[in-house]
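A.B. asks: Below are the structure tokens for one structure; questions will follow.
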Amino acid sequence: MLNSKVNIKTEKDIEKLRIAGKYAAEVLEMIKEHVKPGVSTAYLDQICHHFIIQQLKVIPANIGYHGYSKTTCISKNEVVCHGIPSDQDILKEGDIVNIDIAIIKDGYYGDTSRMYAVGKIKPEYESLILTTYEAMRAGIHQVKPGATLGDIGFAIQSVAHKKNYSIVKEYCGHGIGKGYHEQPNILHYGQKGQGLKLKKGMVFTIEPMVNMGKAAVNELSDGWTVVTRDGSFSAQWEHMIAVTEHGFEVLTPWPNGTDIFPQI
Ligand code: MF3
Ligand code: CO
Ligand code: CO
């Protein structure tokens, strides 16, 4: 990929993205208490929608994105990503759920996602969720000027592979700014030292999807929902990251101040 396609953000841009990221993270914190057995994913989507419009007074970015009609993506159990909230999709004890939210504040995008446990979940699913978080965190900790995209992907895949999980290859992180999905693509696998060199002012998401079984996925006929081909459960976390002078800044930190395994 040509370096020139990756736009470098100014301090002013990053300040705007920090605000957009904070708003997005607030939605995920707000919805936490509503994720429980018996609620539909459409209901959770509606709560997020109203909070974004009425409380935060920002724009839900997913609505209308390539024809998508909901505010969130809610991906349960074997759904890898882009689960469409539905009245028929009722949460039950033991489910694991990713909620992915994107908003626009003052022309800048905020995009983040996290995992929720519905009631008590099996230890093996908790391990999947924690390992996926650890994989994202390992990727984030590679970020500094001079490091490469391959360093990020390698760190992420190393954490997942140690547990015999697999990394989904079809979907990746992305640059973000005044555009939702900008260059560069951030692959969640790779080789140390390979690929684009990071520079101060780049802003992108890291959002690994990790499957308990094989890596292969299918897209359902609704044109959005992505599921694991073998039916194994899948987890994902997403943060927006800025490359700083000596390292990184997480632009979507959890409002409660902790960045380690919130809510579980
Ligand atoms: N938020 C997703 C991402 O992390 C993209 C969702 S697009 C949608 O990049 F249309 F499905 F909402
Ligand atoms: Co994203
Ligand atoms: Co997202």
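A.B. asks: For SER127, put the label point 7 Å out on the Cα→Cβ axis and report which residues of the stretch 63-89 keep their amide N under 14 Å from it.
C.D. replies: It comes to no residues whatsoever.
A.B. asks: Between beta-carbons, use under 9 Å as the cut-off and find the net charge around GLU238, counting Lys and Arg +1, Asp and Glu -1.
C.D. replies: -2
A.B. asks: To the nearest 0.05, how large is the calculated FRET efficiency for LEU220 and LYS162 if R₀ is 30 Å and r is the Cβ-Cβ distance?
C.D. replies: 0.45
A.B. asks: Could you give each residue of the stretch 213-226 its phi-based ³J(HN,Hα) in whole Hz, using Karplus coefficients 6.51, -1.76, 1.60 with θ = phi - 60°, and x for Gly or Pro?
C.D. replies: With the stated coefficients, the stretch 213-226 comes to x, 6, 6, 5, 10, 10, 9, 6, 5, 6, x, 10, 4, 10 Hz.
A.B. asks: Evaluate the charge dipole of the stretch 112-246 about its Cα centre and quote only its size in Debye, nearest 20, assuming +1 on the Cβ of each Lys and Arg and -1 on the Cβ of each Asp and Glu.
C.D. replies: The calculation lands at about 380 debye.
A.B. asks: May I ask for the percentage of alpha-carbon pairs in the stretch 132-264 that lie more than 23 Å from each other? Before the final figure, lay out each step's value.
C.D. replies: Working: 2861 of 8778 pairs.
Value for the stretch 132-264: 33 percent of Cα pairs lie more than 23 Å apart.
A.B. asks: Now for a different question. Arrange the peptides 187-197, 112-122 so that the one whose residues have, on average, the most other Cβ atoms within 10 Å appears first.
C.D. replies: Most protected by this proxy first, the peptides run 112-122, 187-197.
A.B. asks: Something else now. Work out, step by step, the length gained on full extension between TYR180 and ILE59: first 0.36 nm times the residue separation, then minus their alpha carbon distance; give nm to one decimal.
C.D. replies: 42.3 nm
A.B. asks: For the chain, with the dipole built from +1 on Lys and Arg beta-carbon atoms and -1 on Asp and Glu ones, taken about the Cα centre, which of HIS50, THR10, TYR125 lies farthest toward the positive end?
C.D. replies: THR10
A.B. asks: Mind listing the long-range amide H neighbours of ALA147? Cut-off is under 5 Å, sequence gap 5 or more, other chains count too, H placed in the peptide plane at 1.01 Å from N.
C.D. replies: Residues meeting the criterion, in which the H sits 1.01 Å from N, are LEU198.
A.B. asks: Can you give the three extents of the C-alpha atoms in the chain along their principal axes, from longest to shortest, in whole Å?
C.D. replies: Each principal axis gives a Cα extent; for the chain these are 48, 43, 36 Å.
A.B. asks: From the phi of every residue in the stretch 103-111, what ³J(HN,Hα) in whole Hz does the Karplus formula 6.51 cos²θ - 1.76 cosθ + 1.60 yield, where θ is phi - 60° and glycine or proline is x?
C.D. replies: With coefficients 6.51, -1.76 and 1.60, one gets 10, 10, 10, 6, x, 10, 8, x, 8 Hz.
A.B. asks: At q = 0.13, 0.17, 0.25 Å⁻¹, what is the base-10 log of I(q)/I(0) for the stretch 119-201 according to the Debye formula with one equal point scatterer per Cα and no solvent? Please give it to two decimals.
C.D. replies: These q points yield log10 I(q)/I(0) values of -0.45, -0.70, -1.20.
A.B. asks: Could you pull out every residue, at least 5 positions away or on a different chain, whose amide H is within less than 5 Å of the one on GLN194? Hs are placed 1.01 Å off N in the peptide plane, and Pro or chain starts have none.
C.D. replies: Amide H neighbours of GLN194: GLY150, ASP151.
A.B. asks: About its Cα centre, how strong a charge dipole does the stretch 1-134 have in debye, to the nearest 20, once Lys and Arg get +1 and Asp and Glu get -1 at the Cβ?
C.D. replies: 320 debye
A.B. asks: Here is a further query. In square angstrom, what is the accessible area per residue of the chain with a 1.4 angstrom probe?
C.D. replies: Result: 43 Å² per residue.
A.B. asks: How large is the dipole of the chain about the Cα centre if only Lys and Arg carry +1 and Asp and Glu carry -1, each at its Cβ, rounded to the nearest 20 debye? List each step's numbers first, then the result.
C.D. replies: Numbers: 28 positive and 29 negative charges, 129 e Å.
Roughly 620 debye for the chain.
A.B. asks: Name all residues of the stretch 50-64 having a backbone nitrogen under 18 Å from the label point set 7 Å from the Cα of ASP87 along its Cα→Cβ direction, giving them as ranges.
C.D. replies: 50
A.B. asks: Give the average over all directions of the projected area of the C-alpha convex hull of the stretch 1-139, one decimal, in nm².
C.D. replies: Hull-based average projected area comes out at 9.9 nm².
A.B. asks: Let me ask you something else. Quick one: 3J(HN,Hα) in Hz for the stretch 159-175, Karplus 6.51/-1.76/1.60 with θ = phi - 60°, rounded, Gly and Pro as x.
C.D. replies: 5, 5, 5, 4, 9, 6, 8, 10, 9, 6, 9, 6, 10, 9, x, 7, x
A.B. asks: In addition: Please work out the FRET efficiency for the pair GLN46 and ARG229, using the Cβ-Cβ distance as r and a Förster radius of 30 Å; give the result to the nearest 0.05.
C.D. replies: Numbers: r = 31 Å, r/R0 = 1.04.
So, using R0 = 30 Å, E works out to roughly 0.45.
A.B. asks: Over the heavy atoms of PHE51, what accessible area does a 1.4 Å probe trace out, to the nearest 10 Å²?
C.D. replies: PHE51 exposes around 40 Å² with every protein chain in place.
The values are calculated or read from the model by the stated rules, or taken from the named source; none is laboratory data. Predicted model, so just to flag it, every value in this text is computed and none were measured. Glycine also receives a Cβ, built like all others from the backbone with ideal geometry; neighbour counts cover every protein chain displayed. Heads up: the accessible areas ignore ligands, DNA and RNA and are worked out on the full protein's heavy atoms, side chains in. Shrake-Rupley method; radii C 1.70, N 1.55, O 1.52, S 1.80 Å.
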